[in-house]
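Read the structure below first, then the notes.
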Amino acid sequence: MITGGTVATDSAVFAADVVIEDGCVAALAEPGAGGPSDELIDASGYVVMPGGIDLHAHFEDPGHTEREDFTTGTRSAAAGGITTVIEHPLTYPPVTTTELYREKREMASGKVVVDFGLWGALTGPSISAIAGQREEGAMGFKAFMPVSDPSYPNVTDAEFLDGMRMVKAVGGLVLVHAESDSLLQAGLARMRAQERRDPLAHHESRPPFVEEEAVHRALYLAAHAGVRIQIVHVSSPASAELVAREKRAGRPVTMEICPHHLLLDLDDLVRLGPYGVCAPALRDRALVERLWDSVLDGTADCLVSDHSAYTRAEKDAGYDDIFQAPLGCQVMQETMPLVLDEAFHRRGMSLDAFVRFSSTNAARISGTYPRKGTLLPGADADIVLYDLEGDWQVDAASQQFSKNPWSPFDGRRVQARVMRTFVRGETVYADGEILAAPGSGRFLSCHGDYTLGGIARSAAAARQG
């Protein structure tokens, strides 16, 4: 039993004791009324909320495990209050076939310390594999509109529409990196012609309009196909408004936002150089402020990390030429506490609204609600304890569990600290240490039982067996 804390759910904030049994939330009891327990955890002074659900991470496993792997990546997730991660298919080799999806799932299952899922692939050559990957458990399928990696082809409009129709036929979700490849290539050529290699050239090669045009096109195609679509890592408030317009029309459209697009701006890109390079690019402060409006009014559905780990040597190559820096920020461990700090202490976001943004909405999008993303009795006891009073400073070198500790947030002071993380009632992180063994996390399939009490029924069946 977790006692003495302030419980934040997706609908309310109140004092309660959380009773856990068989990996599930058994009850939310009046303080002191939870009865006897085998283990009593004192959460006095802490906020107790559902664990974060990160729908967008890159662990580089298989292929580039010198950068990260499923063990180090999910350890960072647990230390950052994240209890479920769904990892993207751009690994090496990319997960573009049913066999590769199955192999990656089986490999990752032996490494993770939090629960996980795997998105499938939506590329032109892999459209025929969508049904097979769905059968293996894929909840959704990721497409790139711009060129990303030669081994993971970006989609033409015709391929995108065909893929959308196939995803709809199998009941899945389309996820899309929306940047116009034509506009992006023109921007890159313009920077080369001007011999620009400075950090701001990265932003100027892919300004907000490059994203906005692609979001408009993706939403139009999705409406034509009638498929559910998630716009990933939105960085422009104009893109958010396009999503809001589709929502008002009743279409099944969602969007996600990363911490670096909410907490950093172009001044930080200049300061960080290659360590601030990501796609879409960081934006100017005025756009960041307007992007926060979409978070606070509920247009933005979920907070994601888009965790992209690289070695320092890889990132350092961008100091002389910013275009030599690989795209992405290493932010898994800082995502939830840093955005919670900003949202709650400085933006006036309520704790129940943050629960929806960090957990509940992601569970609904992935199809794992109400077993995930809530503290309703019968839900998985995926729980994080936060101290919202104590002050700490980000120091990746001494804090991160990633293979190559670094963070674009190094030096930032934060007033939201993860004190303890539970996955299905088991402590996986506490007092700065990971307490769960690799392989303790479970795979979340699109075919799973995500009704309340699903895990308890599985546990009871196992005991009877």
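The values are calculated or read from the model by the stated rules, or taken from the named source; none is laboratory data. None of the values given here were measured: they were computed from a predicted structure. Virtual Cβ from ideal backbone geometry, glycine too; neighbours counted across all protein chains shown. All accessible areas refer to the heavy atoms of the entire protein, side chains included, with ligands and DNA or RNA removed. Shrake-Rupley method; radii C 1.70, N 1.55, O 1.52, S 1.80 Å.
Accessible area per residue of the chain at 1.4 Å probe, in Å²?
Ligands and nucleic acids excluded, the figure is 36 Å² per residue.
I'd like the FRET efficiency for Gln185 and Leu327, computed as 1/(1 + (r/R0)^6) with the beta carbon distance as r and R0 of 22 Å, rounded to 0.05.
Calculated transfer efficiency: 0.90.
How many angstrom lie between the Cα centre of the stretch 128-194 and the Cα centre of the stretch 212-250?
14
State the antiparallel share, in %, of DSSP beta bridges confined to the chain, rounding to the nearest 5.
Of all bridge pairs located within the chain, approximately 45 percent are antiparallel.
List the relative contact order of the stretch 179-229 as a percent without decimals, with contacts defined as Cα pairs under 8 Å and 6+ residues apart.
This gives 43 percent for the stretch 179-229.
What is the distance in Å between the Cα centres of the stretch 372-409 and the stretch 307-360?
Answer, in whole Å: 12.
Report the full-extension gain for the segment Ser11 to Asp157: residue separation times 0.36 nm, less the Cα-Cα distance, to one decimal in nm.
Length difference between fully extended and current span is 48.6 nm.
Ala138: net charge of surrounding residues, Cβ under 12 Å, Lys/Arg +1, Asp/Glu -1, itself excluded?
Neighbourhood net charge equals +2.
Calculate the spin-label point distance for Met107 paired with Asp149, positioning each point 7 Å from the Cα along the beta-carbon direction, and give it in nanometres.
Placing both labels 7 Å along Cα→Cβ, they lie 1.1 nm apart.
Once the Cβ-Cβ distance between Arg197 and Ser128 is put in as r, and R0 is 41 Å, what FRET efficiency do you end up with, to the nearest 0.05?
Approximately 0.50, to the nearest 0.05.
What shape does the stretch 71-230 take by its C-alpha gyration tensor, where a ≥ b ≥ c are the square roots of the eigenvalues and a/c under 1.5 counts as rounded, a/b above b/c as prolate, and the rest as oblate?
oblate
Could you sort 22-35, 165-178 so that the peptide with the highest average Cβ count within 10 Å comes first and the rest follow in order?
165-178, 22-35
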